[in-house]
Every structure is written in C-alpha cells, then in structure tokens.
1. In a shell of Cβ-Cβ distance under 13 Å around GLU30, excluding GLU30 itself, what net charge do Lys and Arg (+1) and Asp and Glu (-1) give?
2. Once amide H atoms are built 1.01 Å from N in the peptide plane, which residues 5 or more positions from THR105, or in another chain, come under 5 Å H to H?
3. Go through the stretch 1-36 and name the trypsin sites (Lys or Arg not before Pro) that are in a DSSP coil and have 16 or fewer other Cβ atoms within 10 Å of their Cβ.
4. How charged is the neighbourhood of LYS68? Take every other residue with its Cβ under 13 Å from the Cβ of LYS68, and add Lys/Arg as +1 and Asp/Glu as -1.
5. Can you quote the Å³ per residue value for the convex hull of the Cα atoms in the chain, rounded to an integer?
6. How far apart, in nm, are the 7 Å Cα→Cβ label points at LEU124 and CYS75?
Amino acid sequence: MKLKVTLLTGRTIEQGVGKEHGKASNDYIESVAVCYIDPEDLKGLGIKEKMNVQVSTKCGSVVVKALKSPRGSQCGMVFIPYGPWANAVTYPETDSVGMPSFKGTPAEIEPAEEKPILDLKRLLNEQFGKG
C-alpha cells in the first residue's frame, strides 16, 4: 500500500549534533536517514515506528527509517531532515533562485521492511554516481 504525501525537508537539532560527529558517523546517519510521519498515517500504512519505508518522488526514491512525528497532527505530510537521503528525493532545479525547493514536494510513501537503508557511500554511488 502506498500513501500520497507532501514531503518537507529542513534542519533538526539532532541533525546538527550528528553533523558535529562527522557526516560518516552513525550519529549523523541515524539523525538524517529518517522520515517523520504522522501517527495516523503510520497506522493507515501498517507501519510501526523504526520500520523501513520507501519515499519516492519524480526525482527518485530512498529507504529511510520511519519515526513518529513529534509535532501535532500532520496527516499527509512527512519530514526528512536535510542530508543525502533527503537530497535523493528533492528536486535539484532552482528555478533561477540558486536554491532548490525543499518544501512541498509531492511524494509517495510505502512500507519497505525488506529493503535496507543504504550506507552513505552506497547511497552516494547509487543516487549521485560518486562516493
């Protein structure tokens, strides 16, 4: 089962702390290879917290860990912190403003329990052709 959602990306405190340990550190990867999802959307998809999910947009797809959104009800919206996993599914076009839009990207999310979250080197190789 797939759910159509709106993808938002942005900074988090956890991402900032993880980045201080280095982008190859487990702290960083665990803070950005995640997707915050409304608890009702988790239920609707039969997804339990910390289960792998696949997020897909017209730009690509990525497997990340599902976490319950810490905010109030946000059905139909998901959040991935800035980082290589978010970059894999956000539009690279800047529309002449010099910065891609990291908010409001149409996406689909689905359970992906059998699919692994790629480590940083493999993600970069598969998504961007370099590692």
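Quick note: the coordinates plus some simple rules give every number you see, no bench work behind them. What you see is a predicted model; the values in this text were computed from it and never measured. For neighbour counting, all protein chains shown are included, and Cβ atoms are generated from backbone atoms with ideal geometry for every residue, glycine included.
1. That works out to +1.
2. For THR105, the qualifying residues are LEU7.
3. Listed in order of number, the matching sites are LYS2, ARG11, LYS23.
4. Around LYS68, the surrounding residues sum to +1.
5. 109
6. For LEU124 paired with CYS75, the spin-label model returns 4.1 nm.
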